[in-house]
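Notes follow once the structure below has been shown.
A short reminder: the numbers here are calculations on the coordinates, not readings from a lab. Predicted model only: the values in this text are computed from it and were never measured. Note: ideal-geometry Cβ built from the backbone for every residue, glycine included; neighbour counts use all protein chains shown.
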Amino acid sequence: MSQKLAILGSTGSIGTQTLDIVSQNPDDLQVVAMSCGKNIDLFEKQIRKYTPSLVSIANEELAKDLKTRLSDMDNIEIVYGMEGLIAVATYDKADTVVTAVVGMIGVQPTIAAINAGKTIALANKETLVTAGHIIMPLAKQKGVSILPVDSEHSAIFQSLNGERHNEISKILLTASGGPFRGRTLEELENVKLEDALKHPNWSMGAKITIDSATMINKGLEVMEAKWLFGVNLNQIEVVVHPQSILHSAVEFMDGAVIGQMGTPDMRLPILYALFYPNRKTLYAEPLDLFKVGTLTFEKPDMETFYGLSLAYDAMDAGGNVPTVFNAANERAVAKFLNNKIKFLEIPEIVSESMINVDFIQSPTIEQVLETEQMTYDFIESRW
C-alpha cells in the first residue's frame, strides 16, 4: 500500500526534489495534495503529472487562473491562501505532510497537521525556531513523529538511531562556510548579490542560499536542533566543513563520535524521512571517498559571521526573541535580494530588531505572529 503525501511548497527546491523521489518510487509514494506560492506554470505541470485531489495556491486571483488552466481535469479541488495551506496540511487522505515552504508561513499549517495526526517530514526550520516550545510538546501529546529533512538534522537523527538521547555529550553541526568562508568584514563590505548566491556545494533556493552566505542559516539550524533533539544550547557545536561530506555527527559521553556522510544531495535526507525506518535506493552518484580525498574541519568565525552568534543569543534569551531573529532575517534577506540593502546590513538589522522589539516570555501562536508583524513594522520604520 502506497504512502500518501501532502506537500507544502511543491515548486520550491525541497518540493521539486521530493517529487523527484516520488517519480523514482511510484509504487510506494502517491501525492494526494500539494500547495505552491505563485509559480503557477510549474505548479500546473506538477498537478498534471502527479494528479493530486487537492491543491492550494497563494491567492484567489491565482486560484481562478489555475481553475481555468485545469478545466480539462476532473475531481481537483482548488483552494488558496492560509486556509488553503491548512486544508492541504490536514487533508484526510494524506498520511505524511512534507513541510517544504520557506518562512514562518509554515507554522500554522504544521500545527494543524500535528493536530490532525499526520506524520511530519520537516524541512521548514522557521516552524521550530519560532514555535518549538509549542510544537514539540504538541507532537508528543498527539503521538506524531517529526522526521527532519534538513541534511544536518537528518544526519544527527541517523547518528542517534539505536542510541539513548541522555548519553549525548554534544552535537557537531556541520557548515560548509558558504561562499565567503575566510573573508573579513572589510572584504564583505561591498559583496554583490550574485556573489552571495553562488553556494560552493549545495543547490538551494535564493533565501536559504543567502542565509548560508551570512551563516544565519546555521544559527537557525542550531535553534532547530535544540528543539528536535532536546539538548542544551551549549551542547551544540558548529563545525565548518567545506567539503559538505560529513553532514553532522553526535559525540557521546564515552567519547565515541557517530556521524553520517554522503554526497551533498538533498534527496538523501528527503528519502530517509519518507521511508523511515527503512532505507531505499537513491538513484544518484554514490559517495567516492577516494575522489573526495581530504576532509577538513575549522572553527566558525563568529565575529565576521556574527549572525551565527546572534542566533545563540536569541535562543539563550528565549521567549519571542527567536521569532524576532527569524522575522528580521526574512525581511532583511528580502531587501537584499531586491538590492535595497547591503549584505552586511542583514545581521545589523537582525541585531537591532532583537534589541528593539518588545519581549514576550512564553508567546502563544497569536503572539508569535504578532511578534513577526512588530518586527516587520520596526524594520520598515528604519530601513
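Numbers at a glance
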{"read-out": "Phe275 versus Glu83: modelled label distance in nm, points set 7 Å from Cα along the beta carbon direction", "value": "4.0 nm"}
{"read-out": "Positive dipole terminus of the chain, leading residue within Gln24, Ile341, Ile208 (C-beta point charges)", "value": "Gln24"}
{"read-out": "Gain upon complete extension [Thr16, Glu298; 0.36 nm per residue less C-alpha separation]", "value": "98.3 nm"}
{"read-out": "Charge dipole magnitude, Cβ of K and R +1, D and E -1 - segment 318-383, Cα centre, debye nearest 20", "value": "300 debye"}
{"read-out": "Computed [θ] at 222 nm, helices only, for the chain once each DSSP H run of length n ≥ 4 contributes -39500 (n - 2.57)", "value": "-14000 deg cm²/dmol"}
{"read-out": "Sorted by Cβ density within 10 Å, fewest first, the residues Tyr376, Tyr306", "value": "Tyr376, Tyr306"}
{"read-out": "Pairs from Lys38/Lys125; Lys93/Lys207; Lys49/Lys93 whose Cα-Cα separation, in the structure shown, is over 30 Å", "value": "Lys93/Lys207"}
{"read-out": "Net lengthening on full extension, Ser145/Ser23 (0.36 nm per residue, minus Cα-Cα)", "value": "41.5 nm"}
{"read-out": "Förster radius 35 Å - calculated FRET efficiency between Glu285 and Gln3, Cβ distance, rounded to 0.05", "value": "0.85"}
{"read-out": "Spacing of the two label points (7 Å from each Cα toward its C-beta) at Lys67 and Leu193, in nm", "value": "3.5 nm"}
{"read-out": "The chain: antiparallel DSSP beta bridges as a percent of all, rounded to 5", "value": "25 percent"}
{"read-out": "Packing-based order for 3-12, 159-168, using average beta carbon neighbours within 10 Å, highest first", "value": "3-12, 159-168"}
{"read-out": "Matching label, Rg and Dmax of the Cα atoms in Å computed from the structure shown, candidates [x] 22.0, 72; [y] 20.2, 63; [z] 24.7, 82", "value": "[y]"}
{"read-out": "Part-to-part distance (alpha-carbon centres) for segment 296-326 and segment 1-48, which is given in Å", "value": "33 Å"}
{"read-out": "Rounded Å value of the spacing that divides the Cα centres of segment 61-124 and segment 132-165", "value": "22 Å"}
{"read-out": "Segment 274-319: trypsin sites (Lys or Arg not before Pro) falling in loop per DSSP and having at most 15 other Cβ within 10 Å", "value": "Arg279, Lys280"}
{"read-out": "Simple Cβ-charge dipole of the chain, Lys/Arg +1 and Asp/Glu -1, about Cα centre, in debye nearest 20", "value": "780 debye"}
{"read-out": "Extreme residue, positive dipole direction of the chain, given options Gly162, Leu310, Gln141 (C-beta unit charges)", "value": "Gly162"}
{"read-out": "Value of relative contact order over the chain, rounded to a whole percent, pairs C-alpha under 8 Å and six or more apart", "value": "14 percent"}
{"read-out": "Estimated dipole of segment 7-66 in Debye, rounded to 20 [Cβ of Lys and Arg +1, of Asp and Glu -1, Cα centre]", "value": "60 debye"}
